[in-house]
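Nothing in this text is a laboratory measurement; each read-out follows from the coordinates by a stated rule. What you see is a predicted model, and the numbers here were worked out from it, not measured in a lab. No Cβ is skipped: glycine too gets one built from the backbone with ideal geometry, and neighbour counts run over all protein chains shown.
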Amino acid sequence: MFGSEDRYQYIASPLIEVICQLRFPAILSIAAQEPAAFQERIRGDYPIYAARQDQVAPRVVNANGGPTLETQKPVTNYNFLSEDKRWKVNLTSGFIALSTVSYRRWEEFAGRLDKLLAEFIEIYHPAFFERIGLRYVNAVSRQRLHLEGRPWNELIQPAYLGVMGEFDVEEEQLTKCATDIDMKLEGDCGLKLHAGLGLLGDGKRDPEVKFIFDQDLSCGGNISPAGVPDKLLTLHGFADRVFRGAVTSELHSAMGPEPMG
């Protein structure tokens, strides 16, 4: 399942979004008023501001008549975007997240995240983080890589193909095919992975069927602010190795790998 630990930067990377979210025990002051001091600290990198109300899933409570669903109050989600709108910060009373649709390399992403977290920690002083999540969403396009006509079983390893890996199943017969994995990794880390055929934006703008490889890696526990960088580096390492282990040498070469030190 895991590829080599060698690192590569792909010229034609299939990444369409990278997200890092850190959850912490609720800080009521974030919900009580707009985070003006936090905005002032990050406004140079993320000058566009907006806020929205996110509906929270109902909570199951045990009443006299048995379990019932209790409606939860909406949560205010503060959004801060870069000028080109390709980088975004989300802040609520329970989490902070950084996402981008312009991911180039880990060092750049980690640098931005480190700067963001330093400002957040200085202002809000979270006691610890309960969960750190790192998500990589890939959409492999055969058209972009000049691999039209190549079957997916020549580009993706069998473990992620489902019935597409069977010799008597024609790819054109399938309207949907996916594999979902939920597994523990070393330490207190875990992986939820979705791999399979899909259309971006429901195919309204781009009708090409792509192979979606969506990794959601996480670790939990009472993680001190000082312990965050090591946890993130571990999750990033898992993500690299899982993706490299999922692609064939043909697809690896087609994406234009450049070794990284």
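Report the residue, chosen from L28, L155, L232, that carries the largest GNM mean-square fluctuation when the chain is represented by alpha-carbon nodes joined by springs under 10 Å. Evaluated over the chain, the most mobile residue of the options is L28.
Compute the longest continuous run of the chain that contains no exposed trypsin sites (Lys or Arg not before Pro); treat a site as exposed when its DSSP state is not H, G, I, E or B and it has at most 16 other Cβ atoms within 10 Å. Please report the intermediate quantities before stating the final value.
Details: sites that count: R43, K85, R86, R104, R105, R144, K176, K204, R205.
The longest such stretch corresponds to 206-261.
Which of M255, M183 has the fewest other C-beta atoms within 10 Å, and how do the rest follow up to the most?
Arranged by neighbour count, lowest to highest, M255, M183 become M183, M255.
A dipole drawn for the chain from +1 and -1 charges on Cβ atoms has a positive end, and of V75, L185, G111 the residue lying farthest that way is V75. Summarising the amide proton neighbourhood of Y10: residues at separation of 5 or more, or on other chains, whose placed amide H is nearer than 5 Å comprise E258. Taking the Kirkwood radius as the inverse of the mean 1/r across Cα pairs, report the Rg/Rh of the stretch 26-127. Ratio of gyration radius to Kirkwood radius: 1.08. Residues considered: P14, P58, P25. Largest GNM mean-square fluctuation over the chain, using C-alpha springs under 10 Å, is found at P58. Helix 106-124 axis versus longest C-alpha principal axis of the chain: approximately 10°, rounded to the nearest ten.
Using the crude model of +1 on Lys and Arg Cβ and -1 on Asp and Glu Cβ, and no other charge, please compute the dipole size for the stretch 26-127 relative to its Cα centre, in debye to 20.
With only Lys, Arg, Asp and Glu charged at Cβ, the dipole is about 240 debye.
Computed extension length for H252-Q143: 37.7 nm, one decimal, from 0.36 nm per residue of separation with the Cα-Cα distance subtracted. The simple spin-label model puts a point 7 Å past each Cα toward its Cβ; for R52 and S224 those points are separated by 3.7 nm. Residue pairs exceeding 20 angstrom between C-alpha atoms, taken from K88/K115; K115/K231; K88/K204; K176/K210; K184/K231; K192/K231: K88/K204. Arranged from fewest to most other beta-carbon atoms within 10 Å of their beta carbon, Y160, Y10 become Y10, Y160.
For the Cα atoms of the chain, what angle does the longest principal axis make with the long axis of helix 228-246, in degrees from 0 to 90, nearest 10? Relative to the chain, helix 228-246 is tipped by roughly 20 degrees. Within the set (1) 13.5; (2) 15.3; (3) 17.5, the number that mean projected area of the Cα convex hull in nm² takes when calculated for this structure is listed as (3).
When the chain is treated as a GNM with alpha-carbon contacts under 10 Å, the residue of F120, F243, F167 showing the greatest mean-square fluctuation is F167.
For N138, the amide hydrogen comes within under 5 Å of the amide hydrogens of I16, F213, D214, Q215, counting only partners 5 or more places away or on other chains and with H modelled in the peptide plane.
Want the number for A110 to F128: 0.36 nm per residue separation, take away the alpha-carbon distance, what's left? Could you put the intermediate results ahead of the total?
Values: separation 18, 0.36 × 18 = 6.48 nm, distance 1.91 nm.
Value of the extension gain: 4.6 nm.
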